[in-house]
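Here the structure is laid out as structure tokens; the discussion comes afterwards.
The values are calculated or read from the model by the stated rules, or taken from the named source; none is laboratory data. Since the structure is predicted, the reported quantities are computational estimates derived from the model, not experimental observations. Cβ: placed from backbone, ideal geometry, glycine included. Neighbour counts: every protein chain shown.
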Amino acid sequence: MQAPAAVDGGLDAVMQSMAARPHGHAVFTESQYLALLKTRLESSGDLYFRFPDHLEKVTRRPAPESLVIDSGTLTVTRGKMHHTVALAAYPQLAVFIDSIRATLAGDRAALERSFTLQFAADGPHWTLSLTPRDAKLAALVRQIRIDGSGDAISTVETLRADGDRSVMVITPVSDG
Amino acid sequence: MRSRILPLAVWALALAIAILLVCRARYTADLSAFLPALPSQQQQLLVEELKEGPAARVILVAISGADAARRAALSAGLVQRLQPNPLFRTVTNGAAGPTEADQRFLYTYRYLLSDRIDAGFFHVERLQATIRDNIDLLASPLGMLSKDLFARDPTGETLQVITQLDRPDGPRLADGVWVSPDGQRALLVAETAAAGSDTDGQQRAMLAIRAAFDALQPLAPATAPSPAILRLTGPAVFAVDARATIEKEAVRLSLLSSLLIAAFLLAVYRSVRVLALGMLPVASGALAGVAAVALGFSVVHGVTLGFGVTLIGESVDYSVYLFLQGQARAGGGRDQARWTADFWPTVRLGMLTSVVGFASLLPSSFPGLAQLGAYSIAGLVAAALVTRFVLPQLLPANLAIADVAPLGQLFLRVVAPLRRVRALAWLVPVVAAACLLTHRGELWNHELSALSPVPAEAQAFDARLRADLGTADVRTLVVVSAASAESALQTAEQVGAALQPLVDGGIIAGFDSPARYLPSLRTQRARQAALPDPADLKARFLAATAALPLHQERFDGFLEDVAAARQLPLATAQQLQGTTQAAGVDALLVQRGAAWQALVPLEAMHTGPSAYMIDTGRVEAALGGLRSSDATVIVLDLKRESDALYSSYLTQSVRLSLAGLGAILVLLTVALRSLVRTLRVVVPLALAVLVVISGFVVVGHAMTILNLVGLLLVVAIGSNYCLFFDREAGHRGDADGARTLGSLTVANASTVIGFGVLATSSVPVLSAVGLTVAPGAFLALLFGALLAGGTAAAPGSSHA
């Protein structure tokens, strides 16, 4: 067990190195394990991030779909459907999205507004566990676990309150 | 003694009656003076839509200044404060998703609301495909929203009905609220509870918005870069502002022109008492005018009152003539009997000429114009009668007014050099004809908006905000009229089906319809009938999902919900209460008398070849096959229809004015018993009118119906001058002639002052009249003097 100061120091160091990157591109593979389904659901695609608050999740498989989060708005495109909403209108979704976005932006204050944080590090590898503070969100999501190495995230695992879970594996791509 | 009291008693009684009528009259300052009331169905619809339609009750709100975060916070604060206010139906800024009431209604009624539900929906293959699609959706980010519903709604009908309600192309969102494309303005849309024609109700709603905004302001952090600015626009805002402007202008202009004319006349009369007496015909005329309108029309328009200003300009002339011409032939003092015998017939003929001219406005279908006609006729007759019968009784016997003969002589000296080249006046028709021919297409402005008292800047701001919101003006709509709400909804559904190919083909961007929010009972019943019974559904579900990776035993909720939907009481306006969709139905499905109307507003494309334009012909063609027995379907292009309507009134008014002109010619010919004398009176007026029209053409001002009214006034006022010139031609020119000319100069100066003030008005209808009459009246005097027969107007030359 590490001293609290060291915990904070480690988290701050990760956050600072995150915040130092102006943009990033990664590919992802997401597996979802749902109680209603006999098999797991697989999807994959690209993630783009631009500091401080622009995040795109472009799903290529099984069906093309894109999700663009820019500041306070969320745009979903799926086939002919094109849908822009204010994130504020969907608070649960907003908090979930912000867990990843704020981590990528290295915005510790934003994370701490919505979650209690647990941080553990082992050399360059670290694990950040987010537990929702809001009861409504806690009824949906038990915990979000983000694993990373240095300034890169490698997996995001979401444990839902009903026992379902999803694991997103992220591999950075160096663009040109 | 008796003969002196009688006129005064009659006058006092008439005044009392007029005051009573004026006090009991109803006044309005909305824009309906410019909206014709005609019985044809299409026009009736047009007027109803402009006054009562959904577009008329929308207030657009823009917040600029400060910074983006502050604007977003103010936007949210406004919604929070105004949404519960009963003055508003809805106040939206884009932040709100479906409310809990919405979600409950959409979820409960999903199988009756979803467009996809028909007899084929539960076929095994289709059910399988739909559920497979929905599993794909679970894997997507949207799965966050649909996963919890999946066990009870494996086909995704809840998401389907929410998607059905989506606007295809909403405004831009930033910081969670609607903003302009450049992000510099936060935007909100408020729909008032009061109808668009309820100007007081609209004003209360506007005040509530401003009060809420002001109440939020003290919360601004001291670090804010600049203060946030609130601006409202929309038809209702225009109506409220226009009313305030017209009221303010009518008072300001009346006061200003009264003061200026009074100061001028005081300088001429050098007697406060005479000045006060001179105002009696003016005041009596104004009272009689309003009383006549109150008597003949259900409501008096503010513009008519504003027009009262113009009457000061003409009715003050009568007393000018009485005071200045009534002097004894020899020495000082008055000779009333001589004025009555010599001058009154001329004044009376001038008055009758004006009355005939204004009578041509009475049959106008434009309520504003008809009222102007009634006002002018009653006002002029009253002013003339008071001048003839009442004023002489009140004048002191030893009235002494400075002789205006020197003024007349001065005028003659100025005009004399021009008279030598007066043959050039015949060039006027030639030049004017050339002007009019080269600009003949641009003579008249055929757009109703030309009459709008809304400043061009405000109209441009309104257009910009509408473009920002992507809502655009509701300019084209399909109006379904039917005997019942159900029948109107059924037809609206057919209209929607017929319009869909136009949306898919990129002809229109989309349309709204009450049936989107509330399908007809027939449609709901058909969907209910398409839901399989529980045993059948279970068999179909098991077959459809056999090859899918589902735990089939966990979907009992789905079977229960479909079974419940089969028994649901059909959704009506009652079930909709409290939801966001209720506002849509309220606005688009309206009862008008015994009939029901479903309104289907069309949205123009924002890009491409048909951007911002709706091809009404194609819409009509698409709806061509729809001729239901108990409902009528009409495509209404509000701007096109109102312009066409205005244009037809313009044509009507021009015709009526020409008829009035003809009547004036007949009247003069009969009264003067000479065609030559008639021409001598009419030609200077015609020249003055031609010059004014050419002037407008040359400066590029397309004339409106109010310029036409101004031209009628030029004829009315100028005919007095020309009749006096004609009268003098029959007499030997002497000091009397110069005095008459002096009185005309004074009368003309007061007219030019009165209308000159009106020309400065910011209300187009008032300034148009001023800009026409001030130069026109002066030109009428000038041409009258130039063309006056031989010696009369030039006494100096007669002695030479």
Residues B:ALA242, B:ALA263: which one is surrounded by 19 or more Cβ atoms within 10 Å (Cβ to Cβ) and in the same structural domain as B:ALA402 (by TED's automatic domain parsing)?
B:ALA242
Out of B:MET613, B:MET605, report the one residue that is farther than 15 Å from B:GLU49 by Cβ and under 23 Å from the mean Cα position of the chain (by Cα).
B:MET613
Kindly provide the set of residues from segment A:47-65 that are within 16 Å of A:ARG101 (Cβ to Cβ) and at pLDDT 85 or above, ordered by number.
A:LEU47, A:TYR48, A:PHE49, A:ARG50, A:HIS54, A:LEU55, A:GLU56, A:LYS57, A:VAL58
Out of all the residues in segment B:420-441, is one or more over 34 Å from the mean Cα position of the chain (by Cα) and in a loop (DSSP other than H, G, I, E, B)?
yes
Among (1) on the phi > 0 side of the Ramachandran plot; (2) in contact with an Asp or Glu (Cβ under 7 Å, 6 or more places away or on another chain); (3) more than 13 Å from every other protein chain (Cβ to nearest Cβ) - the single one A:GLY123 does not satisfy
(2)
Could you tell me whether segment A:99-111 includes any residue that is out of contact with any strand residue (DSSP E or B) (no Cβ under 6 Å at 6 or more places or on another chain) and assigned to a strand (DSSP E or B)?
no
What are the pairs with Cβ atoms under 8 angstrom where one residue, in segment B:535-554, is within 11 Å of another protein chain (Cβ to nearest Cβ) and within 10 Å of B:VAL124 (Cα to Cα) and the other, located anywhere, is among the hydrophobic types (A, V, I, L, M, F, W, C) and surrounded by 12 or more Cβ atoms within 10 Å (Cβ to Cβ)? Sequence gap at least six, or different chains.
B:THR545/B:ILE131; B:THR545/B:PHE555
I'd like the full set of residues that are more than 9 Å from chain B (Cβ to nearest Cβ) and small (Gly, Ala, Ser), limited to segment A:67-93.
A:GLY79
Subset of segment A:96-138 that is of a type in the set (Val, Ile, Thr) and closer than 21 Å to A:GLY24 by Cα - its residue that is surrounded by the fewest Cβ atoms within 10 Å (Cβ to Cβ)
A:THR127
Filter segment B:505-528 for residues that are over 24 Å from B:ASP102 (Cα atoms) and in contact (Cβ under 8 Å) with a residue 24 or more places away in the chain; which is surrounded by the fewest Cβ atoms within 10 Å (Cβ to Cβ)?
B:GLY506
Limited to segment B:153-177, what total is found for residues that are modelled with pLDDT under 85 and touching a Phe, Trp or Tyr at 6+ places or on another chain (Cβ under 9 Å)?
4
B:ALA563, sole failed condition from (1) of a type outside the set (D, E, K, R); (2) without any contact (Cβ under 8 Å) to a residue 40 or more places away in the chain; (3) in contact with a Lys or Arg (Cβ under 7 Å, 6 or more places away or on another chain); (4) surrounded by 14 or more Cβ atoms within 10 Å (Cβ to Cβ):
(3)
Please tell me if B:ALA498 is surrounded by fewer than 18 Cβ atoms within 10 Å (Cβ to Cβ) and assigned to a helix (DSSP H, G or I).
no
Within 14 Å of another protein chain (Cβ to nearest Cβ), of a type in the set (S, T, N, Q), buried (at least 20 other Cβ atoms within 10 Å of the Cβ) and not in a strand (DSSP E or B) - does that describe any residue in segment A:145-159?
no
Can you tell me which residue within segment A:46-66, out of those that are in a strand (DSSP E or B), more than 10 Å from chain B (Cβ to nearest Cβ) and not aliphatic (A, V, I, L, M), is surrounded by the most Cβ atoms within 10 Å (Cβ to Cβ)?
A:PHE49
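Every residue, every condition in (1) aliphatic (A, V, I, L, M); (2) farther than 22 Å from B:ALA374 by Cβ; (3) within 28 Å of the chain's Cα centre (by Cα); (4) in a helix (DSSP H, G or I), yes or no:
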position	(1), (2), (3), (4)
B:LEU255	yes, yes, yes, yes
B:LEU265	yes, yes, no, yes
B:ARG273	no, yes, no, yes
B:MET279	yes, yes, no, yes
B:VAL282	yes, no, no, yes
B:ALA288	yes, no, yes, yes
B:ALA292	yes, no, yes, yes
Residues located in segment B:78-113, provided they are in the same structural domain as B:SER64 (by TED's automatic domain parsing), touching a residue at least 12 places away in the same chain (Cβ under 8 Å) and in a helix (DSSP H, G or I):
B:LEU78, B:VAL79, B:ARG81, B:LEU82
Does segment B:697-715 contain at least one residue that is assigned by TED's automatic domain parsing to the domain that holds B:HIS439, in a loop (DSSP other than H, G, I, E, B) and among the hydrophobic types (A, V, I, L, M, F, W, C)?
yes
Any chance B:VAL670 is out of contact with any helix residue (DSSP H, G or I) (no Cβ under 7 Å at 6 or more places or on another chain), modelled with pLDDT of 90 or more and either assigned to a helix (DSSP H, G or I) or more than 21 Å from B:HIS439 (Cα to Cα) (or both):
yes
So B:ASP148 passes all but one of these: (1) under 30 Å from B:THR545 (Cα atoms); (2) of a type in the set (D, E, K, R); (3) in a helix (DSSP H, G or I); (4) at pLDDT 85 or above. Which condition number does it fail?
(4)
Expected output for segment B:687-713 (first residue aromatic (Phe, Trp, Tyr), partner not in a helix (DSSP H, G or I), Cβ below 9 Å, 6+ apart or cross-chain) is B:PHE696/B:LEU443; B:PHE696/B:ALA702; B:PHE696/B:MET703
Among the residues of segment A:28-41, is there at least one that is touching a residue at least 40 places away in the same chain (Cβ under 8 Å), more than 11 Å from chain B (Cβ to nearest Cβ) and under 16 Å from the mean Cα position of the chain (by Cα)?
yes
